[in-house]
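The next block holds one structure in the form of structure tokens; read it before the comments.
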Amino acid sequence: MTSYKELGLVNTKELFKKAVSALDVSVGAQILNLFRDLHDQLGLGMVFIGHNLNQVYYLCDRIAVMRDGRILEQGTAEEIYTKPQHEYTKVLLKAGTNEHAAY
């Protein structure tokens, strides 16, 4: 197995930590687009953790909504985004509608 160091990559744990949460909307959108391009062009898999379900929906195929270390619901991005079952998921989705999405 080839390690990230052998490929000349940086430690992705540190690279992606808080990757978009502290950025302005346009720069955050550029980072999300970069992640998506890496996925599409290299087949790169990743775990994206965030509170903004608009960003998660844009980037992910599958979503697991967690609270206090427990999975409350999981499914395809489309299922979670269009037919949320758990109240906490609904709260997260509603909170995300107040943010301006540039992607």
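Given their separation in residues at 0.36 nm each and the Cα-Cα distance between them, H39 and Q85 gain 13.8 nm when the chain is fully extended. When peptides 56-63, 32-39 are sorted by average Cβ neighbour count within 10 Å, with the highest value leading, the order is 56-63, 32-39.
Computed from the coordinates by the stated procedures, all read-outs in this text should not be read as laboratory data. Here the structure is a predicted model, which is why all the values come from computation and not from measurement. Here the Cβ is made from the backbone with ideal geometry for all residues, glycine too, and neighbour counts use every protein chain on show.
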